[in-house]
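Only one structure is covered here, and it is reproduced in the block below.
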Amino acid sequence: GPGSKVPADVSEPMSPDLVVANVKQWMDALVAAANGRLMGVAHDRIIIELYSSLCVNLDLIDLPGIVAGSSPGEPADMMQQTRDLSASFLDDAANPHTFVIAVASARDARIRNSQAMELVQRYNKVQFTIGALTMADLSADSRLENPYQRLEQRLRAEADDTPELGLGYVALKNRDTVGHANLSLED
């Protein structure tokens, strides 16, 4: 992207399958150029242009997750760096209609404690946000008659720990959960 320390790699057109295979390599190069090693956060952008007469014009920005702590060798302020990077896109006056997917684990004790939810509320993006509750298949509570009762309440934003979002919530199921391989999302 603009202002990057890494020279542009303008590739020949390629199939989307090849893009997926190259993204990790591109990300690693950007992080290494920004930090001198494969640790930390880079503010560079990887811009991938896809062309199709069957799709709408859309810019998709995939941000890193907000981390709460640092791994060995990472900067001590990793949480602040990832929060600041996410906030810079939410607080972008040039893009007031940014659609946000706020990701939180369905296994978390309280969804409202998610840093993603806090940023969405802080930057007034609630009406443009959908909540994605990950690991829904692992959120069962065996103490309840309906083990997924809490998840169902969260998906309807009826649970006391779930902020209302303008676009509601969806549940995401792991593809390879051991012991639950045949569990459908509906189940």
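The values are calculated or read from the model by the stated rules, or taken from the named source; none is laboratory data. Source: prediction; values computed, not measured. As a convention, Cβ positions derive from the backbone with ideal geometry for all residues, glycine included, and neighbour counts pool all protein chains shown. All accessible areas refer to the heavy atoms of the entire protein, side chains included, with ligands and DNA or RNA removed. Shrake-Rupley method; radii C 1.70, N 1.55, O 1.52, S 1.80 Å.
Structural remarks
- Across region 46-79, the number of residues qualifying as within 30 Å of D17 (Cβ to Cβ), of a type in the set (A, V, I, L, M) and open to solvent by less than 80 Å² (accessible area, probe 1.4 Å) comes to 5.
- None of D108, D91 is free of Cβ contacts under 8 Å to residues at least 12 places away in the same chain and of a type in the set (D, E) except D108.
- Candidate set from region 80-116 (those that are farther than 18 Å from P163 by Cα, charged (D, E, K, R) and in a helix (DSSP H, G or I)); member that is least open to solvent (accessible area, probe 1.4 Å): R83
- Pairs where the first residue, in region 152-171, is without any contact (Cβ under 8 Å) to a residue 40 or more places away in the chain and part of a loop (DSSP other than H, G, I, E, B) and the second is open to solvent by 80 Å² or more (accessible area, probe 1.4 Å) and not aliphatic (A, V, I, L, M), C-beta under 7 Å, 6+ apart: A157/E164
- Criterion: over 16 Å from the mean Cα position of the chain (by Cα) and β-branched (V, I, T) - qualifying residue of V41, V67, V6, V120: V6
- Scanning region 139-151 for residues that are open to solvent by less than 50 Å² (accessible area, probe 1.4 Å) and either part of a helix (DSSP H, G or I) or of a type in the set (F, W, Y) (or both) returns Y148, L151.
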